[in-house]
Amino acid sequence: MQKRNEHIRRIEILLEEIIKKPALHVKWLNTLSYLEHMGAKKIHKANLGLYINERILSHACEEARHAYFYKKSIRKIDPNIPEDFNYSYINLIAGFSSFKYFQQLDLEVLKYLKNFFKDSNKSFLSFLCYLYVTYLIEERADMVFNIYQERLEKLQNPINITSVIKEEEKHLKEIFDMIQKFDPKYDQHLMELSNLETNLFDWYLNRLEKVVFRSSEGLTTVH
Ligand SMILES: [Fe+2]
Ligand SMILES: [Fe+2]
């Protein structure tokens with residue numbers, strides 16, 4: 001709980017700083033778009049076999065739509081942003097760290113689950129890994145997106161992400177239902193995996209803070 005409160009405070013300060021600086025805000029929106037795009041890609045690349053269902057397909061669609069939503073929101077900050085403003089690290093905030101946070105979480109969750117589900121088939125393990133990684137990411141997104149929306153309103157910024165927040169809340173609930181259904185020991189696993197994600201996020205937040213507070217123009221070499 002103490003760590004959670006500390007993270008909330010640090011995210012509030014970070015996002016306020018980002019929103020106040022258009023050059024950083026553009027990169028922040030692009031970073032969110034990149035993470036959403038990674039989320040959609042991961043669902044398609046995961047080897048889920050027969051575990052693919054209607055909910056998972058709708059998650060994949062919605063994550064892809066969120067990627068587009070954040071990308072097109074950039075124009076509200078900078079209408080002249082070029083069409084080819086891509087996901088290269090220079091256009092993101094802590095781009096490599098954003099990539100690493102997601103990849104590392106995936107790897108560590110899979111490693112953790114392998115110990116408990118040694119005899120399970122590959123599709124089931126991939127499916128469980130998808131469920132837990134998604135749950136952890138959705139929980140983190142819920143925290144970050146809500147703070148972001150509050151700060152956008154406070155600073156009277158034209159961007160509004162409440163529709164994305166609603167869909168992420170729905171994902172969180174649906175994923176939790178599936179975890180409960182497929183893993184009888186979900187409470188123990190969720191507790192341990194949440195700690196793992198908290199440590200990774202702490203590292204990622206540090207990287208974001210370094211970039212945002214060390215650069216006045218939003219130009220930096222920290223990735
Ligand atoms: Fe999303
Ligand atoms: Fe989601």
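For the reader, a short list of remarks on this structure follows.
- Integer Hz, Karplus 6.51/-1.76/1.60 couplings in order for segment 119-136, x for Gly and Pro: 8, 7, 6, 4, 5, 5, 5, 4, 5, 4, 4, 4, 4, 5, 4, 5, 4, 5
- From phi via Karplus (6.51, -1.76, 1.60), per-residue ³J(HN,Hα) for segment 13-22 in Hz, x at Gly/Pro: 5, 4, 5, 5, 4, 5, 5, 6, 10, x
- By average C-beta atoms within 10 angstrom, highest first, the peptides 102-109, 51-58: 102-109, 51-58
- Summary of packing: across the peptides 127-135, 81-89, the per-residue average of other C-beta atoms within 10 Å ranks them, highest first, as 127-135, 81-89.
- Spacing of the two label points (7 Å from each Cα toward its C-beta) at Met1 and Tyr112, in nm: 2.1
- Structural descriptor for segment 2-214: relative contact order 29 percent, calculated from alpha carbon pairs under 8 angstrom and at least 6 residues apart.
- Principal-axis tilt of helix 54-77 within the chain, Cα atoms, nearest 10 degrees: 10
Readers should treat all values here as calculations from the given coordinates under stated rules, not as data from a laboratory. What you see is a predicted model; the values in this text were computed from it and never measured. All Cβ positions, glycine included, derive from the backbone under ideal geometry; neighbour counts span all protein chains shown.
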